[in-house]
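The values are calculated or read from the model by the stated rules, or taken from the named source; none is laboratory data. These numbers come from a predicted model, not from an experiment. Cβ placement follows ideal geometry from the backbone for every residue including glycine, while neighbour counts extend to all protein chains displayed. Protein only, heavy atoms only, side chains kept; ligands, DNA and RNA dropped before computing areas. Shrake-Rupley method; radii C 1.70, N 1.55, O 1.52, S 1.80 Å.
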Amino acid sequence: MIYDFKSIEKKWKDKIQLEKPFAFKKELKRDKYYCLEMYPYPSGNLHMGHIRNYSIGDVTARYKKLQGFNVLHPIGWDAFGLPAENAAIQNKVPPAKWTFENIANMRRELKDFAFSYDYENEVCTADPSYYQWGQWFFLKMNERGLVYKKKATVNWDPIDKTVLAREQVHEGRAWRSGAVVEKRQIEQWYIKITDYAEELLSGLDKLVDWPERVKTMQRNWIGKSEGAIVNFKFGDDDFPIFTTRTDTIFAATFMAIAFDHQDLESYVEKGNNELLDKVRKFREKCQKINQDSEYEKEGLFLNSYITSPVNQKKIPLYVTNFVLAEYGTGCVMGCPAHDERDLKFAQKYSLPVTIAVKNAEEPTQNQSVAQSVAQSVAYKGDGILVNSGPYNGLNNQVAKKKIIEDLVEKKLARKVVNYKLKDWLISRQRYWGNPIPMLRDASGKYYPESFANLPVSLPQDVEFSGFGNPLETSKSFREVLVKSEAGQEKKLLRETDTMDTFTCSSWYFLRYVDVNNQVSPFDKKLVDHYLPVNHYVGGIEHACMHLLYARFFHKVVRDMGLVNSDEPFTKLTTQGMVVSQSYFSPSLGKYFHLSELGDDRKTCPVTKTPLVIKKEKMSKSKRNGVELKEMLDKYGADSIRLFILFAAPVEKDLEWNEKGIEGCSRFILKVIKWFTKITQEATSSVEANDDDEIKRLSFLINQTIYKVDKDIKRLRFNTAISHMMTFINEVNHLHFSSVGGIKEAQKALRQFLILLSPFAPFISEELFEFFNSNGFVAEQKWPEHQGEWLKADKVDLVVQINGKLRAKVTLPIDQDEEVVFQLAKSEKNVVKHLGDKTIVKKIYVPNKLINLVVKK
RNA sequence: GCCGAAGUGGCGGAAUUGGUAGACGCAGUGGACUCAAAAUCCACCGAAGUUCGCUUCGUAAGGGUUCAAGUCCCUUCUUCGGUACCA
């Protein structure tokens with residue numbers, strides 16, 4: 001038998017299409033397993049990153065199915081978003097047409113790999129039957145007071161002409177278009193994710209099956225800090241500041257206010273117009289600063305003073321370019337001795353440096369702190385309070401609490417918790433998204449659309465000129481006539497902002513359990529049975545956006561009483577990227593494809609200057625990708641799946657290596673060779689004695705079942721495959737000639753094919769047909785290892801002297817220490833090393849090793 | 001800076017609670033088969049030495065704990081990822 005993967009894969013693709021072995025059956029009785037991979041954006045074609053993501057998920061889904069679980073393993077389409085609209089502008093293709101054609105194409109590509117999805121249970125976010133429920137959730141959130149509109153300085157992408165979320169801006173540039181981001185003031189819709197900040201943070205502790213780094217990233221993103229708002233005084237008025245270090249309050253030698261603080265001008269010395277003018281110029285200058293790059297800390301003395309609540313000291317007030325208006329109160333106290341950045345500022349403007357906490361290890365003098373401060377290093381450690389009036393001598397952590405308590409008692413402070421997390425800006429000035437179901441009257445007042453009118457569908461009569469929001473060009477969409485209670489017709493304007501696509505991906509995993517529901521987003525009973533998702537697989541790049549929004553949405557939906565669970569995803573796996581060598585010519589500023597280079601891969605073929613060779617994520621722009629179609633034609637889906645799972649552990653980056661796929665093809669050939677040998681070529685002779693071979697085979701197959709099962713459970717697919725390779729290598733050396741031997745071999749083959757099927761489904765199906773001509777290997781029962789076969793009757797035992805390997809002896813298992821010791825002592829090499837030394841100690845690890853500790 | 005992850009042959013990577021370092025695969029070397037090549041099969045494949053039995057060294061670097069350390073502890077270095085004026 002030759003490996004004709006093309007016809008094998010065609011045959012089984014058709015059979016899967018026809019007989020639907022992976023159809024999702026809603027069942028509340030059987031144990032469920034919900035395995036989910038992050039759904040793709042329908043950009044046009046699948047790439048290797050997708051194949052890796054879905055291969056990882058598919059192994060788990062198929063494994064659980066074989067174990068008898070009712071598996072929910074769905075796929076869908078994150079179908080809204082900018083590229084569709086850009087295509088509409090460039091090619092005059094409607095976004096819907098572009099999107100749905102891409103989906104059809106990518107679905108076809110997915111089928112080439114036999115991922116165990118039910119394509120009749122898809123979610124497509126651009127389908128009104130889905131997005132109406134997104135609008136429904138928006139209105140429900142609005143009812144719960146979680147939605148509001150406010151004017152805000154937003155990041156404006158001048159190329160895509162849209163507002164960007166903070167996380168969509170990287171180093172001052174838009175994440176998609178790469179344009180330099182501008183600041184603009186626009187009315188925007190927000191969702192109050194900050195109401196859930198505390199639970200989003202504390203809930204992380206319960207997610208024991210999430211990678212530590214993802215949890216850390218979310219913790220930092222939420223950025224909780226506990227402190228106090230302390231009321232300093234500006235004349236008779238309050239001047240509140242936020243601090244987490246009340247223990248350093250006596251060390252405050254300047255006060256700082258943000259340049260964009262709304263009350264800034266009221267703190268400038270009264271009547272000093274010259275200064276006011278300077279302040280305004282300073283503010284203008286600050287506004288031009290790119291907040292993402294590093295810049296010098298600067299300030300301007302406002303000729304006014306703030307009074308400290310602890311010692312009534314007058315402290316000079318500065319406007320600065322480094323205090324953030326949106327965090328805390330927009331005003332802080334400057335304690336140069338204990339804060340790096342305050343120290344820099346103080347030194348620049350020759351402000352005094354007072355020490356409030358000294359190093360506890362040097363109680364008699366202040367040397368260490370004073371010296372380090374003199375060397376421009378602020379002291380941020382713990383210690384004993386000095387220069388702090390009644391609190392002198394206290395440990396600073398104690399003093400911190402005491403000072404707050406005292407201030408709170410005098411009504412001069414209150415304890416507060418601050419978060420870095422900002423409310424979720426969901427407005428997008430775009431057409432291809434979920435319309436926000438709100439209406440506005442002439443006075444600017446907003447009314448929610450009524451539930452009965454959902455969905456608010458996207459109109460067809462729009463123009464894609466490339467500027468502004470196309471929805472504004474649709475009269476049928478914009479103008480709405482509603483009847484008031486008095487029966488009068490009233491003209492309202494429909495909101496033209498659409499929602500951020502992250503709103504769609506925040507609950508798609510809930511919809512999968514009930515995709516055809518027309519009366520509610522999903523049935524509660526079904527959702528409570530199938531949720532939470534047991535295993536979620538996707539890219540690390542979603543650690544702080546999608547995964548946080550989805551957790552938030554789930555909690556809101558829970559509070560609406562629609563789902564019982566607190567968290568949507570029990571176990572999370574973040575797979576590494578697929579990387580490959582890229583060749584960049586710095587002199588030309590462009591990438592070269594490998595095929596464009598000659599034998600000399602280190603030099604630019606045009607300018608003859610050295611190329612920069614790096615391992616980077618496969619992408620079109622870096623010209624280091626591979627064509628999926630080409631790989632499929634050359635090697636078939638099974639070899640690609642095997643390679644992608646074999647070449648690296650799932651969480652690490654995977655380096656593309658075509659030779660590696662060939663290795664996996666060779667493995668499949670060896671499987672076929674063994675199959676052929678024991679199903680076709682075997683000539684039976686009843687007299688033959690295969691006892692030793694049968695014993696060896698039983699040991700090998702049971703060991704392989706044991707190891708593969710364990711490695712799938714701990715998500716080590718690379719080693720699971722290596723164990724199957726070892727099995728095939730060994731078993732190809734066994735020869736059976738008796739009827740009983742061949743029967744045993746076929747039994748082992750049958751079990752082996754089930755083990756192989758989650759990794760290489762096509763060839764497994766094809767060969768398994770020998771045992772089961774109508775069904776699928778995917779629907780068999782996962783084999784269990786027989787423990788008694790795992791114990792070999794002989795073991796290789798290691799003999800060490802002082803921890804160094806000196807001999808190996810083969811012994812029956814479970815020998816007494818004394819027997820092993822006597823045998824070990826008589827080994828030639830052991831005798832040599834023992835010489836006339838005395839044995840002072842023996843360490844015996846049964847069936848593993850004996851270590852003799854010797855002395856002269 | 002801070003937080004997180006990781007450093008093992010020529011390469012991708014194994015080594016589950018400390019117990020034979022380098023499984024499996026790629027590349028390479030030698031041989032068989034062949035008119036020849038490809039494919040396949042067999043053998044070798046960390047370094048140095050060797051009387052071919054073995055010996056010494058070797059998991060980023062340096063120390064430590066232990067009968068025994070890639071694995072545990074301390075210090076340092078490097079790489080990658082996240083984040084950055086959050087008071």
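Restricting to the stretch A:377-397, and then to whatever is over 39 Å from the mean Cα position of the chain (by Cα) and surrounded by fewer than 17 Cβ atoms within 10 Å (Cβ to Cβ), can you tell me which residue is nearest to A:GLN312 (Cα to Cα)? By that ranking, first place goes to A:GLY389. Listed by first and then second residue, the pairs linking a residue in the stretch A:207-219 that is touching a residue at least 24 places away in the same chain (Cβ under 8 Å) to a residue that is open to solvent by 30 Å² or more (accessible area, probe 1.4 Å) and among the polar types (S, T, N, Q), with Cβ atoms under 9 Å apart and 6 or more places separating them unless they lie on different chains, are A:LEU207/A:THR570; A:ASP209/A:THR570; A:TRP210/A:THR570.
Mind checking which strands (runs of 3 or more DSSP E) fall wholly inside the stretch A:408-490 and carry at least 3 residues that are within 16 Å of RNA strand B (Cβ to nearest atom)? I'd like the intermediate steps shown before the answer.
Details: elements: A:413-418, A:438-440, A:446-448, A:479-483.
It comes to A:413-418.
Taking each residue of the stretch A:715-734 that is in contact (Cβ under 8 Å) with a residue 12 or more places away in the chain and looking for partners that are among the hydroxyl-bearing types (Ser, Thr, Tyr) and surrounded by 15 or more Cβ atoms within 10 Å (Cβ to Cβ) with beta-carbon atoms closer than 6 Å, six or more apart or interchain, yields A:HIS723/A:THR704; A:PHE727/A:THR704. Determine if the stretch A:725-735 includes at least one residue that is more than 33 Å from the chain's Cα centre (by Cα), among the charged types (D, E, K, R) and within 11 Å of RNA strand B (Cβ to nearest atom). Looking through the stretch A:725-735, at least one residue is more than 33 Å from the chain's Cα centre (by Cα), among the charged types (D, E, K, R) and within 11 Å of RNA strand B (Cβ to nearest atom).
Test A:ASN774 against the criterion of being of a type in the set (S, T, N, Q), surrounded by fewer than 18 Cβ atoms within 10 Å (Cβ to Cβ) and either away from RNA strand B (no atom under 12 Å from the Cβ) or at pLDDT 90 or above (or both), and give yes or no. For A:ASN774, the condition - of a type in the set (S, T, N, Q), surrounded by fewer than 18 Cβ atoms within 10 Å (Cβ to Cβ) and either away from RNA strand B (no atom under 12 Å from the Cβ) or at pLDDT 90 or above (or both) - is met. In the stretch A:86-129, how many residues are part of a helix (DSSP H, G or I), within 28 Å of the chain's Cα centre (by Cα) and among the charged types (D, E, K, R)? Residues that pass the stated criteria total 4.
Against the definition (in contact (Cβ under 8 Å) with a residue 24 or more places away in the chain, within 16 Å of RNA strand B (Cβ to nearest atom) and either outside any helix (DSSP H, G or I) or touching a strand residue (DSSP E or B) at 6+ places or on another chain (Cβ under 9 Å) (or both)), how does A:LEU700 come out, yes or no? Walk me through it before giving the result.
Numbers: in contact (Cβ under 8 Å) with a residue 24 or more places away in the chain: yes; within 16 Å of RNA strand B (Cβ to nearest atom): yes; either outside any helix (DSSP H, G or I) or touching a strand residue (DSSP E or B) at 6+ places or on another chain (Cβ under 9 Å) (or both): no.
Spelling it out, it is not the case that A:LEU700 is in contact (Cβ under 8 Å) with a residue 24 or more places away in the chain, within 16 Å of RNA strand B (Cβ to nearest atom) and either outside any helix (DSSP H, G or I) or touching a strand residue (DSSP E or B) at 6+ places or on another chain (Cβ under 9 Å) (or both).
Do you know which of the residues in the stretch A:330-350 that are surrounded by fewer than 20 Cβ atoms within 10 Å (Cβ to Cβ) and within 8 Å of RNA strand B (Cβ to nearest atom) is farthest from A:ILE384 (Cα to Cα)?
Of all residues in the stretch A:330-350, those surrounded by fewer than 20 Cβ atoms within 10 Å (Cβ to Cβ) come to A:340-341, A:344, A:347-350.
Right, trim to within 8 Å of RNA strand B (Cβ to nearest atom) and you get A:340-341.
Values: A:GLU340: 19, A:ARG341: 22 Å.
Restricting to residues being surrounded by fewer than 20 Cβ atoms within 10 Å (Cβ to Cβ) and within 8 Å of RNA strand B (Cβ to nearest atom), the top hit is A:ARG341.
Looking only at the stretch A:60-77, which residues are surrounded by fewer than 22 Cβ atoms within 10 Å (Cβ to Cβ) and part of a helix (DSSP H, G or I)? Full working, then the answer.
We begin by selecting, within the stretch A:60-77, every residue surrounded by fewer than 22 Cβ atoms within 10 Å (Cβ to Cβ); these are A:66-70.
The answer is A:LEU66, and nothing else.
Taking first residues from the stretch A:513-532 that are under 22 Å from A:TYR119 (Cβ atoms) and partners that are surrounded by 17 or more Cβ atoms within 10 Å (Cβ to Cβ) and among the basic types (Lys, Arg), the Cβ contacts under 7 Å between residues at least 6 apart in sequence or on separate chains come to A:PRO521/A:ARG511; A:PHE522/A:ARG511; A:TYR530/A:LYS32.
Matching residues to (1) open to solvent by 60 Å² or more (accessible area, probe 1.4 Å); (2) touching a Pro at 6+ places or on another chain (Cβ under 7 Å):
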position: A:THR704; (1), (2): no, no
position: A:LYS710; (1), (2): yes, no
position: A:LEU749; (1), (2): no, no
position: A:GLN780; (1), (2): no, no
position: A:LYS794; (1), (2): yes, yes
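Note on the stretch A:178-198: residues that are among the hydrophobic types (A, V, I, L, M, F, W, C) and within 27 Å of A:LYS555 (Cβ to Cβ) amount to 4.
Here A:LEU749 fulfils each of the conditions (1) within 15 Å of RNA strand B (Cβ to nearest atom); (2) touching a residue at least 40 places away in the same chain (Cβ under 8 Å) apart from (1). If the condition is being away from RNA strand B (no atom under 16 Å from the Cβ), hydroxyl-bearing (Ser, Thr, Tyr) and within 25 Å of A:TRP136 (Cα to Cα), then the stretch A:530-566 contributes A:TYR530, A:SER565. Exactly one residue among A:LYS652, A:LYS659, A:LYS622 is within 16 Å of RNA strand B (Cβ to nearest atom), open to solvent by 50 Å² or more (accessible area, probe 1.4 Å), touching a Phe, Trp or Tyr at 6+ places or on another chain (Cβ under 7 Å) and not in a strand (DSSP E or B), and that residue is A:LYS622.
For the stretch A:223-240, what are the residues that are closer than 16 Å to A:SER266 by Cβ and touching a strand residue (DSSP E or B) at 6+ places or on another chain (Cβ under 9 Å)? Before the answer, list the steps.
Taking the stretch A:223-240 and keeping what is closer than 16 Å to A:SER266 by Cβ, we get A:232-240.
A:PHE232, A:LYS233, A:PHE234, A:GLY235, A:ASP238, A:PHE239, A:PRO240 - these are the residues of the stretch A:223-240 that are closer than 16 Å to A:SER266 by Cβ and touching a strand residue (DSSP E or B) at 6+ places or on another chain (Cβ under 9 Å).
Look at (1) open to solvent by 60 Å² or more (accessible area, probe 1.4 Å); (2) under 46 Å from the mean Cα position of the chain (by Cα) and you find that A:GLN312 fails only one, number (2). Each residue in the stretch A:220-271 was checked for being more than 25 Å from A:LYS401 (Cα to Cα) and of a type in the set (Asp, Glu), and 6 pass.
Restricting attention to the stretch A:804-856, the residues being under 28 Å from A:LEU790 (Cα atoms), within 11 Å of RNA strand B (Cβ to nearest atom) and loosely packed, with under 12 Cβ neighbours inside 10 Å number 3. Taking the listed residues A:LEU302, A:LEU324, the one that is open to solvent by less than 10 Å² (accessible area, probe 1.4 Å) and either part of a loop (DSSP other than H, G, I, E, B) or more than 14 Å from RNA strand B (Cβ to nearest atom) (or both) is A:LEU302, with no other qualifying. For the structure I just gave you, tell me whether A:PHE762 is under 38 Å from the mean Cα position of the chain (by Cα), within 24 Å of A:ALA23 (Cα to Cα) and free of Cβ contacts under 8 Å to residues at least 40 places away in the same chain. No: the conditions fail for A:PHE762. Residues of the stretch A:576-583 include none that is touching a Pro at 6+ places or on another chain (Cβ under 8 Å), among the polar types (S, T, N, Q) and open to solvent by 10 Å² or more (accessible area, probe 1.4 Å).
Any residue in the stretch A:330-344 that is among the small types (Gly, Ala, Ser) sitting within a Cβ distance under 9 Å of a residue that is open to solvent by 10 Å² or more (accessible area, probe 1.4 Å) and near RNA strand B (Cβ under 7 Å from one of its atoms)? List the pairs, counting only those 6 or more apart or interchain. Every condition considered, the pairs that remain are A:GLY330/A:PHE242; A:GLY330/A:VAL323; A:GLY330/A:LEU324; A:GLY334/A:ARG341. Being exposed (fewer than 15 other Cβ atoms within 10 Å of the Cβ), more than 15 Å from RNA strand B (Cβ to nearest atom) and of a type in the set (D, E, K, R) is a condition met by at least one residue of the stretch A:282-290.
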